[in-house]
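Below is one structure, written out as structure tokens; comments come after it.
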Amino acid sequence: IRDVYKRQVVDGVGVRASGTSLGYIAWLMILEGVAIPAYALASRRGGLRAQLRPYAVRGLAGGLLSVFAYGLVLWAQTRAELAPIAALRESSIIVGAAIGALFFKERFGAPRVAAAGLMVVGIGLMLHAS
């Protein structure tokens, strides 16, 4: 959990130091967008194209939405204090668990209820402290 908050602080400080959220996210995506496909090509060789074909459209759509959502968080970090934005960002875990339970019929048993409750308490403490 501590690493998640370190990443959020690094993102917040980095995007503010860069002066532009678009430039910051562009460099991150360019660097990751070269390294990860290069590793996939090197490790899977000829079978990569066949493995990607059935998932290409959904994968690209999901990737674009992910970059857009991350860009919104970075933009928000240039406009407001980091703690409330980090709290809002972490609330997506609860939303994701609810989507899994409602749409994908995943179990929402005691461990998930406890984890969601712990997240709500943590978010409240972060917002109260800021």
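The values are calculated or read from the model by the stated rules, or taken from the named source; none is laboratory data. None of the values given here were measured: they were computed from a predicted structure. Every residue, glycine as well, gets a Cβ built from its backbone with ideal geometry; the counts of neighbours run over all protein chains shown. Just so you know, the surface numbers come from the protein's heavy atoms only, side chains and all, with ligands and any DNA or RNA stripped out. Shrake-Rupley method; radii C 1.70, N 1.55, O 1.52, S 1.80 Å.
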Here is a list: Arg79, Arg44, Arg53. Which entry is basic (Lys, Arg), at pLDDT 80 or above and under 27 Å from Gln8 (Cα atoms)?
Arg79
Ile93: part of a helix (DSSP H, G or I), touching a residue at least 24 places away in the same chain (Cβ under 8 Å) and out of contact with any Leu (no Cβ under 6 Å at 6 or more places or on another chain), yes or no?
yes
Within the stretch 10-23, of all residues that are open to solvent by 80 Å² or more (accessible area, probe 1.4 Å) and more than 19 Å from Ser66 (Cα to Cα), the one nearest to the chain's Cα centre (by Cα) is Val13
Residue among Ala26, Ala35 that is modelled with pLDDT of 80 or more, hydrophobic (A, V, I, L, M, F, W, C), surrounded by 12 or more Cβ atoms within 10 Å (Cβ to Cβ) and within 19 Å of the chain's Cα centre (by Cα)
Ala26
Among the residues of the stretch 60-80, is there at least one that is open to solvent by less than 40 Å² (accessible area, probe 1.4 Å), aliphatic (A, V, I, L, M) and over 24 Å from Ile30 (Cα atoms)?
no
Take the stretch 99-115 and flag every residue that is hydrophobic (A, V, I, L, M, F, W, C), at pLDDT 80 or above and surrounded by 14 or more Cβ atoms within 10 Å (Cβ to Cβ).
Ala101
Taking the residues in the stretch 59-76 that are over 19 Å from Arg7 (Cβ atoms) and hydrophobic (A, V, I, L, M, F, W, C) as candidates, determine which candidate is modelled with the highest pLDDT.
Ala61
Filtered residue count, the stretch 38-52, keeping only those that are more than 26 Å from the chain's Cα centre (by Cα) and open to solvent by less than 60 Å² (accessible area, probe 1.4 Å)
1
